[in-house]
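Below: one structure, written as structure tokens.
The values are calculated or read from the model by the stated rules, or taken from the named source; none is laboratory data. On a predicted model such as this, the values are computed, not experimentally measured, just so you know. Note that each Cβ is placed from the backbone with ideal geometry, even for glycine, and that neighbours are counted across all protein chains shown. The protein model used for the area step is the full one, side chains on, heavy atoms only, and it has no ligands, DNA or RNA in it. Shrake-Rupley method; radii C 1.70, N 1.55, O 1.52, S 1.80 Å.
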Amino acid sequence: MIGETLKLDAVTLRRETFDMRFDTQVEAGTIAAIIGPSGAGKSTLLNLIAGFETPDGGRLSIGNADVTDAEPSERPVTMVFQENNLFSHLDVATNVSLGIRPRLTTDPSDRALVTEALSRVGLAGFEARMPGSLSGGERQRVAIARAVVRRRPVLLLDEPFAALGPRLRRDMLLLVRQLQVETGMTVLIVTHQPEEAAAIADTIIFLDKGRTVATGPADGFFERDDVKGLADYLGQGEQ
């Protein structure tokens, strides 16, 4: 798997109270953390990339392909939500295999991929377990395993670890970094924790009031004094 460069060029979305506009680029095979105050448009940005929102203007490209008007299923993207979206009546192996193809029957090659993915996320031997028997962190690991077997070059993570405690959240972030290095995926992760963003990301994207205020290297980003609104955001603490 090889990540793809992601580019949003004047991508706009009209809302009742204000218009959103996103201009940013994430290089192939890197991790970008999306930060900003509540209501800044972080989840909306991911939804536009995934195709769950339709822009009113601008161009969105992944690699060399213009995906501005493409259906979600046509985009080389997979998304992991905070709620993990597992099917409670299906065992872990079946939940993961749905990332390969949306049916409940599997062949030996599918099962091998599922076993490998679960091992990668530290859940070897969990194939027959049901989601209700798992901890919150384990359920998120299953969701990440499902994303891995999809083999899409772009992975979107919408605050996937917000409900976890600090130590488990840190472990999950390290897992994402490890998987990104192994697979070469391009990863965008929404977080409310600046210290976590600095620890995991190559690039920081700061949003405010539905706009891309700044995109830059994670190293030293939070010490910058030229980014409008950044100091106020950092002074607010956790949103």
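Points to keep in mind about this one:
- Each 5 Å bin from zero up to the one holding the largest Cα-Cα distance in region 33-123 carries the following percent of pairs: 2, 11, 17, 18, 16, 15, 13, 6, 2, 0.
- Entry note, the chain: the mean residue ellipticity at 222 nm calculated from DSSP H runs of n ≥ 4, each adding -39500 (n - 2.57), is -9500 deg cm²/dmol after division by the residues and rounding to the nearest 500.
- Aspartates and glutamates whose Cα lies under 12 Å from that of Lys42, excluding same-chain neighbours fewer than 8 positions away: Asp158, Glu159, Asp208
- Translational diffusion of region 98-239, µm² s⁻¹ [Kirkwood Rh, Cα pairs; Stokes-Einstein; 10 °C; 1.306 mPa s]: 94 µm²/s
- Across the alpha-carbon set of region 84-182, the Rg to Rh ratio works out to 0.94, Rh being the Kirkwood radius.
- For Ile31, the residues whose amide H sits under 5 Å from its own are Val187, Asp202, Thr203, ignoring neighbours fewer than 5 places away on the same chain, with H placed 1.01 Å from N.
- Spatially, region 125-183 and region 41-63 are offset by 23 Å when compared through their Cα centroids.
- Here Arg224 and Glu83 are evaluated by their C-beta separation; at R0 = 25 Å the FRET efficiency comes out at 0.15.
- Dividing the Cα radius of gyration of the chain by its Kirkwood radius returns 0.97 for Rg/Rh.
- Scaling against 2.2 N^0.38 Å puts the C-alpha radius of gyration of region 172-239 at 1.16.
- Rounded tilt (10° steps) of 136-150 against the dominant C-alpha axis of the chain: 90 degrees
- Peptides 213-223, 19-29 ordered by packing proxy, namely the average of other Cβ atoms within 10 Å per residue, highest first: 19-29, 213-223.
- Summarising the amide proton neighbourhood of Val11: residues at separation of 5 or more, or on other chains, whose placed amide H is nearer than 5 Å comprise Phe22, Arg59.
- With Cα atoms, 0 to 90° folded angle of helix 108-120 axis to the chain main axis: 60 degrees
- Residues in region 29-39 carry Karplus couplings, in order, of x, 10, 10, 10, 9, 9, 10, x, x, 4, x Hz; the curve used is 6.51 cos²θ - 1.76 cosθ + 1.60 with θ = phi - 60°, and Gly or Pro positions show x.
- For Glu74 and Leu234, a Förster radius of 35 Å and the Cβ-Cβ distance give a FRET efficiency of 0.35, rounded to the nearest 0.05.
- Ratio of Rg to Rh over region 1-48 (Cα coordinates, Kirkwood Rh, two decimals): 1.01
- Using a Förster distance of 25 Å, the FRET efficiency for Ser119-Arg15 (Cβ separation, nearest 0.05): 0.05
- Computed in the context of the full set of protein chains, the accessible area of region 174-232 at 1.4 Å probe radius has 50% of its extent on carbon or sulfur.
- Here the gap between Asp66 and Ala163, fully extended at 0.36 nm per residue and compared with their Cα-Cα distance, gives a gain of 31.4 nm.
- Spatially proximal aspartates and glutamates relative to Lys209 (Cα-Cα < 12 Å; intrachain offsets below 8 disregarded): Asp19
- Distance between the pseudo-spin-label points of Thr54 and Leu90 (7 Å out from Cα toward the beta carbon): 2.8 nm.
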